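Student: Here it is, the structure, as structure tokens.
The values are calculated or read from the model by the stated rules, or taken from the named source; none is laboratory data. The shown structure was predicted, so the numbers you read here are calculated from the model rather than taken from an experiment. With ideal geometry, Cβ positions are generated from the backbone for all residues, glycine too; neighbour counts draw on all protein chains shown. What goes into the accessible areas is simple: the full protein's heavy atoms, side chains included, and nothing from ligands, DNA or RNA. Shrake-Rupley method; radii C 1.70, N 1.55, O 1.52, S 1.80 Å.
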Amino acid sequence: MKYWITYCLLTIIICSCSKSEDTINNNDAYVPIPYQLEVPQHFDQLLIDPIIPFDNPMTEEGVSLGKRLFYDRILSVDNTKACASCHMPQNGFSDSNKFSIGVSGNFGNRNSMPLINLAWNFDDKYFWDGRALGLEHQALEPVTNPIELENPSWSDVEDRLNNHPEYPNLFNQAFGTSTITKDLVTKAIAQFERTLISGNSKFDKFLNGGATLTAQEQEGLNVFMDEERGDCFHCHGNPNNPLWTDNQFHNNGLDATFTDLGLGAVTGNPNDNGKFRSPTLRNLAYTAPYMHDGRFLTLDDVIEHYSSGLQNSSTIDPLMKKVEQGGVQLSEEDKNNLKAFLLSLSDPSFINNPAFLPQ
Amino acid sequence: MKKIATLIALFLTLTACSEDADDNAVAETNASVSFKFTHNWNDQLLDSSNFENLDLTNENGEVINIDRIRYLISRIELINTDNNLSYVFDGYKFTDLSNEDTYDFSPETNAVPLGNYQLKFIWGFNEQDNINGAYPDLNIASWNWPDMLGGGYHFLQFDGMYNVNTTNPAPFNYHNGTARVSEGVFEQNFATITFSESFTISNNATIEVKMNIAQFFTNPNTWDLNVLDTPLMPNYTAQKMMQENVLSVFSLGEIIQ
């Protein structure tokens, strides 16, 4: 028993000691300012809270450092490309090229993805095929990807940043250390990406009572929500899920045979072949071309696909109806209305938000 | 100083004691009850590892493959058969067959007085609970039921292909929710599931509820997918047949305590 008492007292003493030490340290170190995400009111009401990992709390300094890195070509092997080269603000942080071009002119087989409301991707799986878990983890890939920023290794990038006249100080302000590592680089970038919130389209204003839909947009919403016509809402959200995606993986009938297995290549499960993550329908006005391989140049092409272009395969989603006829054959009027509604989900204040643009 | 030490010692002794009590002894008058849902197609157990890979034959003779089953139940309730007092658990249970983490339901507020009980729950949401957009976790699952069909939420989303043993497999979307009588006129479509068995809760317990998916196509309405495949959400007759068939889908399984 006596030992216990001594032990307890010791713990108490140690605790009190370490506390005072902390305070001394804190006086020296710069304390970053917590960053408050500006969550649209209807997101707050209709959705669960955005995910912010406890080991990467958002700070003003972290976000602004992340933004600088996102636009800085220093992350590429020869100083020619940045994240923003393939994720351009005016394209909803996506790329107007079918396949983005990496540093040495190579390109892959996937269209760049828009970066919108990523903090609400609750399963935290990124890329068209969901192969990266966590936004911090995702950002590791492009830097060394041989068709993107093409660095032979992360340590080269770390060296460049550590020898930079400004970055060590900026990392010190954001993370309390001027030793730059890939983990801190990706943490900063992820903080910036979480601020890329779009919630101010015409349709959002309509939901918040600040705008009225045209008859065409209203009728387009009806097509979208009608199981007998568009039936888009089972995968792409609805007025009560303003993310306009379910973030799940589906085969929406693009191909009869697959050159890109999508989710199936990640899970190894043949039931997943040809499945890709449903993208958000926000900001379609800026994110063409469409689909994982950028095969459709216009929204008319996309709508025609769902209406009459469906290709059967063993993993096609059963929500794709009348596949043997190519789809539900929407009337011309329904197609036009659907398009008008889809465009009401585009948010000019998102692509022009000065907080998202380089200083 | 000595006093503090004694106090600390006392505190340690006390916590040690109470921990013991929790571990070993019976909760004196209340039990904590949780639920475990298992899913089957007649004799075949279904879980996330096999449900997409099975050829299953329904009552009407069609061979089907399942792609997705998600369903909602609410107001899980234990009714004391001696005094008729009922204990209603907070919350609702949203199950996705592809995610085994959703099979169990362990209500947080949980102090069921010991006694004899019957189990009851609501299939879907009743009218009072079926409020448009009110549940963020269901919204992000895009579980909403369209306004034009009465709004609120789906109760069931059961998608797959039928006639998979022929050269013309076709999709079905067996989705259940509020029934539309005519444009702008809606009828509630939830079902009250009651189990006739009475059982004794004498300790913390886990109650198994079995769900036989095949029954959606069986009883009392033998379902012909060749006629009723998709779209079924706006189809009043189909919605009412589902409401009848769901009554024979659930049964009480093992009770472990």
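Student: Can you give me the number of residues within the stretch B:175-194 that are of a type in the set (A, V, I, L, M, F, W, C), away from every other protein chain (no Cβ under 14 Å) and open to solvent by less than 10 Å² (accessible area, probe 1.4 Å)?
Tutor: Restricting attention to the stretch B:175-194, the residues satisfying the condition of being of a type in the set (A, V, I, L, M, F, W, C) are B:179, B:181, B:185-186, B:190-191, B:193.
Filter again for away from every other protein chain (no Cβ under 14 Å), leaving B:181, B:185-186, B:190-191, B:193.
Of the ones still in play, those that are also open to solvent by less than 10 Å² (accessible area, probe 1.4 Å) are B:191, B:193.
Number of matching residues: 2.
Student: So, in the stretch A:218-235, of the ones that are open to solvent by less than 20 Å² (accessible area, probe 1.4 Å) and of a type in the set (Asp, Glu), which residue ends up farthest from the chain's Cα centre (by Cα)?
Tutor: Once the filter is applied, the top-ranked residue is A:227.
Student: Something else about it: With A:208, A:271, A:238 as the choices, which residue is touching a helix residue (DSSP H, G or I) at 6+ places or on another chain (Cβ under 7 Å), open to solvent by 30 Å² or more (accessible area, probe 1.4 Å) and not assigned by TED's automatic domain parsing to the domain that holds residue A:75?
Tutor: Exactly one residue qualifies, and that residue is A:208.
Student: Return the total of residues in the stretch B:114-129 being more than 30 Å from residue B:53 (Cβ to Cβ) and part of a loop (DSSP other than H, G, I, E, B).
Tutor: Matching residues across the stretch B:114-129 total 6.
Student: Could you please let me know if residue A:309 is out of contact with any helix residue (DSSP H, G or I) (no Cβ under 7 Å at 6 or more places or on another chain), within 22 Å of residue A:97 (Cβ to Cβ) and more than 12 Å from every other protein chain (Cβ to nearest Cβ)?
Tutor: no
Student: Can you tell me which residue within the stretch B:157-174, out of those that are surrounded by fewer than 19 Cβ atoms within 10 Å (Cβ to Cβ) and within 14 Å of residue B:66 (Cα to Cα), is farthest from the other protein chains (Cβ to nearest Cβ)?
Tutor: B:165
Student: Right, something else. So is residue B:65 buried (at least 17 other Cβ atoms within 10 Å of the Cβ), over 13 Å from the mean Cα position of the chain (by Cα) and within 30 Å of residue B:167 (Cβ to Cβ) or not?
Tutor: It is true that residue B:65 is buried (at least 17 other Cβ atoms within 10 Å of the Cβ), over 13 Å from the mean Cα position of the chain (by Cα) and within 30 Å of residue B:167 (Cβ to Cβ).
Student: Of the residues that sit in the stretch B:125-137 and are within 22 Å of residue A:222 (Cβ to Cβ) and either touching a residue at least 24 places away in the same chain (Cβ under 8 Å) or among the β-branched types (Val, Ile, Thr) (or both), which one is nearest to the other protein chains (Cβ to nearest Cβ)? Break it down stepwise before answering.
Tutor: Of all residues in the stretch B:125-137, those within 22 Å of residue A:222 (Cβ to Cβ) come to B:130-133.
Going one step further and asking which of them are either touching a residue at least 24 places away in the same chain (Cβ under 8 Å) or among the β-branched types (Val, Ile, Thr) (or both), we end up with B:130-131.
On the way: B:130: 13, B:131: 10 Å.
Taking the candidates together, the pick is B:131.
Student: Being open to solvent by less than 30 Å² (accessible area, probe 1.4 Å) and either among the polar types (S, T, N, Q) or assigned by TED's automatic domain parsing to the domain that holds residue A:46 (or both) is the requirement here; does residue A:287 meet it?
Tutor: When the stated conditions are applied, residue A:287 passes them.
Student: May I pose another question? I'm told residue B:208 meets every condition in (1) among the acidic types (Asp, Glu); (2) over 20 Å from the mean Cα position of the chain (by Cα); (3) open to solvent by less than 60 Å² (accessible area, probe 1.4 Å) except one. Can you identify the failing condition by its number?
Tutor: With respect to (1) among the acidic types (Asp, Glu); (2) over 20 Å from the mean Cα position of the chain (by Cα); (3) open to solvent by less than 60 Å² (accessible area, probe 1.4 Å), residue B:208 is out only on (2).
Student: Here's a follow-up. Checking residue A:276 against (1) closer than 22 Å to residue A:121 by Cβ; (2) in contact with a helix residue (DSSP H, G or I) (Cβ under 6 Å, 6 or more places away or on another chain), which single condition isn't satisfied?
Tutor: Result: residue A:276 fails condition (2) only.
Student: Still on this structure, please answer the following. Would you confirm whether any residue within the stretch B:70-84 is modelled with pLDDT of 95 or more, in a strand (DSSP E or B), under 30 Å from residue A:270 (Cβ atoms) and within 14 Å of another protein chain (Cβ to nearest Cβ)?
Tutor: Within the stretch B:70-84, one or more residues are modelled with pLDDT of 95 or more, in a strand (DSSP E or B), under 30 Å from residue A:270 (Cβ atoms) and within 14 Å of another protein chain (Cβ to nearest Cβ).
Student: Tally up the residues in the stretch A:317-339 that are assigned to a loop (DSSP other than H, G, I, E, B) and among the acidic types (Asp, Glu), please.
Tutor: Here the count works out to 1.
Student: Kindly list, by first and then second residue, each pair from a residue in the stretch B:56-85 that is in contact (Cβ under 8 Å) with a residue 24 or more places away in the chain and more than 30 Å from residue B:172 (Cβ to Cβ) to a residue that is outside any strand (DSSP E or B) and open to solvent by 10 Å² or more (accessible area, probe 1.4 Å), limited to pairs with Cβ atoms under 7 Å and residues at least 6 apart or on different chains.
Tutor: If the second residue must be outside any strand (DSSP E or B) and open to solvent by 10 Å² or more (accessible area, probe 1.4 Å), the pairs left are B:81/B:198.
Student: On the basis of being open to solvent by 10 Å² or more (accessible area, probe 1.4 Å) and among the aliphatic types (A, V, I, L, M), does residue B:232 make the cut?
Tutor: So residue B:232 fails the test.
Student: Provide a single number: the residues in the stretch A:223-247 that are at the interface with chain B (Cβ under 10 Å from one of its Cβ atoms) and in contact (Cβ under 8 Å) with a residue 60 or more places away in the chain. Outline the logic, then answer.
Tutor: Going residue by residue through the stretch A:223-247, those that are at the interface with chain B (Cβ under 10 Å from one of its Cβ atoms) are A:224-229, A:231, A:233-247.
Of the ones still in play, those that are also in contact (Cβ under 8 Å) with a residue 60 or more places away in the chain are A:224, A:228-229, A:231, A:234-235, A:240-244, A:247.
So the count comes out to 12.
Student: Taking residue A:283 as the residue in question, decide whether it is away from chain B (no Cβ under 14 Å) and in a helix (DSSP H, G or I). Break it down into steps so the answer makes sense when it comes.
Tutor: On the way: away from chain B (no Cβ under 14 Å): yes; in a helix (DSSP H, G or I): no.
It is false that residue A:283 is away from chain B (no Cβ under 14 Å) and in a helix (DSSP H, G or I).
Student: Can you work out which of the residues in the stretch A:95-141 that are assigned to a helix (DSSP H, G or I) and in contact (Cβ under 8 Å) with a residue 60 or more places away in the chain is nearest to residue A:36 (Cα to Cα)?
Tutor: Looking at residues that are assigned to a helix (DSSP H, G or I) and in contact (Cβ under 8 Å) with a residue 60 or more places away in the chain, I get A:119.
Student: Residue A:136 versus (1) of a type in the set (Asp, Glu); (2) out of contact with any Gly (no Cβ under 9 Å at 6 or more places or on another chain); (3) open to solvent by 50 Å² or more (accessible area, probe 1.4 Å): which is the lone unmet condition?
Tutor: (3)
Student: Same structure, new question: Anything in the stretch B:222-239 that is of a type in the set (Asp, Glu) and either more than 24 Å from the chain's Cα centre (by Cα) or not assigned by TED's automatic domain parsing to the domain that holds residue B:62 (or both)? List them, or say none.
Tutor: Answer for the stretch B:222-239, where residues must be of a type in the set (Asp, Glu) and either more than 24 Å from the chain's Cα centre (by Cα) or not assigned by TED's automatic domain parsing to the domain that holds residue B:62 (or both): just B:224.
Student: Let me ask another. Can you confirm whether residue A:262 is surrounded by 22 or more Cβ atoms within 10 Å (Cβ to Cβ), small (Gly, Ala, Ser), away from every other protein chain (no Cβ under 14 Å) and touching a residue at least 60 places away in the same chain (Cβ under 8 Å)?
Tutor: Values: surrounded by 22 or more Cβ atoms within 10 Å (Cβ to Cβ): yes; small (Gly, Ala, Ser): yes; away from every other protein chain (no Cβ under 14 Å): yes; touching a residue at least 60 places away in the same chain (Cβ under 8 Å): yes.
In short, yes.
Student: Collect the residues in the stretch B:235-251 that are open to solvent by less than 30 Å² (accessible area, probe 1.4 Å) and within 30 Å of residue B:115 (Cα to Cα), keeping them in residue-number order.
Tutor: The answer is B:246, B:249, B:250.
Student: Restricting attention to the stretch A:52-80, which residues are part of a loop (DSSP other than H, G, I, E, B) and either within 30 Å of residue A:150 (Cβ to Cβ) or without any contact (Cβ under 8 Å) to a residue 40 or more places away in the chain (or both)?
Tutor: Correct list: A:53, A:54, A:55, A:56, A:57, A:58, A:72, A:76, A:77, A:78, A:79, A:80.
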